[in-house]
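Reviewing the structure listed below.
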Amino acid sequence: MIKWIIAAEIAFWIVIIAGLFARYIMKWKKTSILLLLLTPLIDLALIALTVVDLKNGAIATTAHGISVIYIGISIAYGKTMIAWADEKFQTWILKRPSTKQILFGIEKGKHELKMWLRHLVSFAIGSVMFWAIISFVGMESTEAIRRIWKTWSIVLLIDGAISLSYILFPKKAIS
C-alpha cells in the first residue's frame, strides 16, 4: 500500500509541475487547467486502491490510514498547495520576484487560524472516509486505521493550540 501512496504523491506533483510548465512555458492555458484538474482523480484512485485492498482481505496497516489522511489533506489544501507551487515556479523557474507577504501580528494569527480550519476540514473529510471504510470493510481488520485516526485527532488539537497562540501572542515585525 505504501508504494501506492508514494506513487500518488509523485503523480500529484508531476501533474502540478506539468500544469505549471504548460501554463507558463508552453502558454497552453487550457492544457494547464486540464492537468491541474487531474489532481482529484489521483486522490480518487488512491482511495479506490485503499478500499479494494482492504476489501480483498488485507489487514489494515498504517499505510492504509495514511492514504486516507493524504486524501483529506489533498482535498482541503489542494488549492493552497497549487498556489504555493505556482508561486515557487514563478520565482525559481521564471525568476520573477516573489509577491508573498510576510505576515505579522493579528494578520499572521488570522492566517494561522485559517490554515487550522483547513486542517479541520481535512480531518472531517478524512474522518468520514475512515469511518466509511471501517463500516464497508468490517471492524475486525481496521485497528491500524483507528490508531491513525486517534493520532491525527491529537495532532489536530496541537495544531489548533499552536494556531491559537498566534492570536494570543502575536508575532511582532522585526525592525
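Can you give the net charge of the other residues whose Cβ lies under 12 Å from the Cβ of Thr39, counting K and R as +1 and D and E as -1?
Values: positive: Lys79; negative: Glu9, Asp43.
For residues surrounding Thr39, the net value is -1.
With a 1.4 Å probe and every protein chain kept in, tell me what percent of the accessible surface of segment 9-116 is carbon plus sulfur.
Numbers: 4570 of 6420 Å².
It is 71 percent, rounded to a whole number.
Taking Lys27 as the anchor, which lysines have their alpha carbon closer than 27 Å to its alpha carbon, excluding any fewer than eight residues away along the same chain?
Reachable lysines: Lys79, Lys88, Lys95, Lys100.
Report Trp131's accessible area, 1.4 Å probe, all protein chains in place, as a number in Å² to the nearest 10.
Surface open to solvent at Trp131 totals about 90 Å².
Given an 8 Å cut-off on Cα distances and at least 6 residues of separation, report the relative contact order of segment 30-168 as a percent.
Details: 103 pairs, mean separation 50.7, N = 139.
RCO, segment 30-168: 36 percent.
In whole Å, what is the distance between the alpha-carbon centres of segment 51-115 and segment 15-37?
Their Cα centres are 19 Å away from one another.
Using Cα pairs closer than 8 Å and at least 6 residues apart in sequence, work out the relative contact order for segment 56-133, in percent.
Numbers: 34 pairs, mean separation 42.0, N = 78.
It rounds to 54 percent for segment 56-133.
Per 0.36 nm of contour for each residue apart, how much would the distance between Thr62 and Ser135 grow if the chain were fully extended, relative to their Cα-Cα spacing? If you can, show how the numbers build up before the last one.
Numbers: separation 73, 0.36 × 73 = 26.28 nm, distance 1.76 nm.
Extending this stretch completely gives an extra 24.5 nm.
What's the ranking of 77-84, 10-17 by average number of surrounding C-beta atoms within 10 Å, highest first?
Details: 77-84: 14.6, 10-17: 16.4.
Highest mean packing first, the order is 10-17, 77-84.
Using 7 Å Cα-to-Cβ label points, what is the Leu94/Leu168 separation (nm, one decimal)?
4.2 nm
Counting only the heavy atoms of the protein chains, how much of Ser165 is accessible to a 1.4 Å probe, in Å² to the nearest 10?
40 Å²
Stretched out fully, how many nm does the piece from Ile2 to Gln101 gain, at 0.36 nm a residue minus the Cα gap?
Values: separation 99, 0.36 × 99 = 35.64 nm, distance 3.65 nm.
Using 0.36 nm per residue and subtracting the Cα-Cα distance, I get 32.0 nm.
Give the Rg (one decimal place) followed by the Dmax (whole number) of the chain, computed from C-alpha coordinates and expressed in Å.
Spelled out, the Cα radius of gyration and Dmax of the chain are 18.8, 60 Å.
Below 13 angstrom from the Cβ of Leu20, what's the summed charge of the other residues (Lys, Arg +1; Asp, Glu -1)?
Local charge sum for Leu20: +3.
Which of the peptides 46-58, 101-113 is most tightly packed, and how do the rest follow, judged by the mean count of other Cβ atoms within 10 Å per residue? Walk me through the numbers on the way to the answer.
Numbers: 46-58: 16.1, 101-113: 14.2.
Ranking the peptides 46-58, 101-113 by packing returns 46-58, 101-113.
DSSP loop (so not H, G, I, E, B), at most 15 other Cβ within 10 Å: list which chymotrypsin sites (Phe, Trp or Tyr not before Pro) in segment 21-65 pass both filters. Walk me through the intermediate numbers first.
Values: sites: Phe21, Tyr24, Trp28; in loops: Trp28.
Here the chymotrypsin sites (Phe, Trp or Tyr not before Pro) that fit, given the DSSP loop and packing criteria, are Trp28.
Kindly give Rg over Rh for segment 111-175, based on alpha-carbon atoms, with the Kirkwood expression for the hydrodynamic radius. Display every interim value, and only then the final one.
Values: Rg = 16.1 Å, Rh = 13.5 Å.
Rg divided by Rh gives 1.19.
Note down the net charge around Ser127, summing +1 for each Lys or Arg and -1 for each Asp or Glu among other residues with Cβ under 13 Å from its Cβ.
On the way: positive: Arg146, Lys150; negative: none.
Neighbourhood net charge equals +2.
Which value in deg cm²/dmol, rounded to the nearest 500, describes the helix-derived mean residue ellipticity at 222 nm for the chain, given -39,500 (n - 2.57) per DSSP H run of n ≥ 4 and division by the residue count? Present the calculation step by step, with values, prior to reporting the outcome.
On the way: 6 runs with 139 residues, N = 175.
Here the helix-only value at 222 nm equals -28000 deg cm²/dmol.
At what distance in nm do the modelled label points of Ile17 and Thr31 sit from each other, each positioned 7 Å from its Cα along Cα→Cβ?
1.7 nm
Excluding ligands, DNA and RNA, what is the solvent-accessible area per residue of segment 29-175 at a probe of 1.4 Å, expressed in Å²?
Numbers: 8950 Å² over 147 residues.
On a per-residue basis, 61 Å².
The values are calculated or read from the model by the stated rules, or taken from the named source; none is laboratory data. All figures in this text were calculated on a predicted structure; none of them were measured in a lab. Counting neighbours? That spans all protein chains shown, and the Cβs are built from the backbone with ideal geometry, glycine included. Side chains are part of the model used for accessible areas, which takes the heavy atoms of the whole protein and leaves out ligands, DNA and RNA. Shrake-Rupley method; radii C 1.70, N 1.55, O 1.52, S 1.80 Å.
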